[in-house]
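> If you scroll down you'll find the structure; I have some questions about it.
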Ligand SMILES: NC(=O)c1ccc[n+]([C@@H]2O[C@H](COP(=O)([O-])OP(=O)(O)OC[C@H]3O[C@@H](n4cnc5c(N)ncnc54)[C@H](O)[C@@H]3O)[C@@H](O)[C@H]2O)c1
């Protein structure tokens, strides 16, 4: 692991989190390979990324030359073999243990021995994900916050077999990328989601019970508790389908009834209301725009 991290690959870069993580990496100066199984998702994510930086230039937060340099550091692929040059692979694929383990197992055959694997899982065990990797000592949890392109926090979680060297390298990488690392144990939901998943489900149940309209619940939480974003607006940003996956991963481990997916959430997903990414969830949006653009 003595080779410095110069190239980072992001798996699931066509998704909500992967696209934001790729921005963090490229903006910090790393050559960034955006990988996804869905070509059209990569198209959309990179188009949104271009618009995000164009807006930054328009607002005077970035020089046009810097925007071009950052975009030039991003490449894209649907072929796992193209990740052979990566020093660090960050996966942000579906919240499913089997999918993540299979991905790391395949990557182990593609990437050189020094390559470190990181998982952006919100609820699953790093130790269990690492068990399929063939390099358990070089796997670590790096849980970015939504929207990754704007939030600095990263929960850094070692699995049982993660080496001290891997943990140190991961921590130093977070700082070099301009992020704020915080160490957590390999426990379901780490810090943020252990608190957030039950809370967000409570808010959905309040809508379902007719306590108040979504906009009024959000106004109450922002106005009364000082939160910058309302919980239902946050669920729309997370993605209602992702919230179901988080519940399905988190509930069986914790058996906390508040962590079970509320029926209204499932009905909305079945109806195609996925939040911002589909243009409609608890509120309506311009589906082509990335948060902050
Ligand atoms: N959405 C959030 O608020 C949030 C926040 C923090 C962490 N996370 C975590 O990030 C991960 C992704 O969540 P998301 O909301 O971005 O999901 P998403 O559904 O928006 O995106 C997932 C992407 O992964 C791709 N994918 C699926 N299987 C793949 C594979 N085998 N190889 C490559 N790409 C693959 C999909 O095509 C899709 O583009 C999950 O582990 C989730 O728990 C999500």
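What follows draws every value from the coordinates through simple rules; no lab data is involved. Everything quoted here is computed from the prediction, not taken from an experiment. FYI the Cβ positions are ideal-geometry reconstructions off the backbone, even for glycines, and counts take in every protein chain you see.
> Take the Cβ-Cβ distance between residue 213 and residue 266 as r, set R0 to 22 Å, and report the resulting FRET efficiency rounded to the nearest 0.05.
So, using R0 = 22 Å, E works out to roughly 0.60.
> GNM, the chain, Cα, under 10 Å: largest mean-square fluctuation among 103, 88, 240?
Taking springs between Cα atoms under 10 Å, the residue moving most is 103.
> Compute the whole-percent fraction of alpha carbon pairs in region 49-172 spaced more than 24 Å apart.
The share of Cα pairs beyond 24 Å in region 49-172 comes to 36 percent.
> Sticking with this one: Ranked from highest to lowest mean number of other Cβ atoms within 10 Å per residue, what is the order of the peptides 72-83, 145-156?
145-156, 72-83
> Translational diffusion coefficient, Stokes-Einstein: compute it for the chain using the Kirkwood radius over C-alpha pairs as Rh, at 10 °C and 1.306 mPa s, and state it as an integer in µm² s⁻¹.
My calculation gives 82 µm²/s for D.
> Just how far, in whole angstrom, is region 92-149 from region 226-261 if you go by their alpha carbon centroids?
Here the two parts' Cα centres lie 21 Å apart.
> R0 = 25 Å: FRET efficiency of residue 2 with residue 110, Cβ-based, nearest 0.05?
Between residue 2 and residue 110 the formula returns 0.75.
> Hey, in the GNM for the chain with a 10 angstrom Cα cutoff, which one of 139, 89, 70 fluctuates hardest?
70
> Nearest 10 degrees is fine. How inclined is helix 214-225 to the longest principal axis of the chain, computing both from alpha carbons?
With both axes taken from Cα atoms, the answer is about 70 degrees.
> Which order do the peptides 47-53, 31-37 come out in when sorted by mean C-beta neighbours inside 10 angstrom, highest first?
With the highest mean Cβ count within 10 Å placed first, the list reads 31-37, 47-53.
> Hey, another quick one. Cα axis of helix 164-176 to longest principal axis of the chain: angle in degrees, 0 to 90, nearest 10?
Taking the Cα atoms of the chain, the angle to 164-176 is about 70 degrees.
> Under the rule of -39500 (n - 2.57) per DSSP H run of 4 or more residues, summed and divided by the residues of the chain, what mean residue ellipticity at 222 nm is obtained, to the nearest 500 deg cm²/dmol?
Computed ellipticity for the chain at 222 nm equals -14500 deg cm²/dmol.
> Relative contact order for the chain: what is it in percent, counting Cα pairs under 8 Å that are at least 6 residues apart?
It rounds to 16 percent for the chain.
> Angle, helix 16-27 long axis vs. longest principal axis of the chain, Cα atoms, 0 to 90°, nearest 10?
So the helix axis and the longest Cα principal axis differ by about 40 degrees.
> Between residue 71 and residue 39, 0.36 nm times their residue separation minus their Cα-Cα distance comes to what?
Extra length available between residue 71 and residue 39 comes to 9.7 nm.
> Sticking with this one: Sorted from largest down, what three extents in whole angstroms do the Cα atoms of region 192-293 have along their principal axes?
Principal axes ranked by extent give 37, 30, 26 Å for the Cα atoms.
> Now, a different point. When the chain is modelled as a GNM with alpha-carbon springs shorter than 10 Å, which of 233, 40, 136 fluctuates the most?
Top of the fluctuation ranking is 40.
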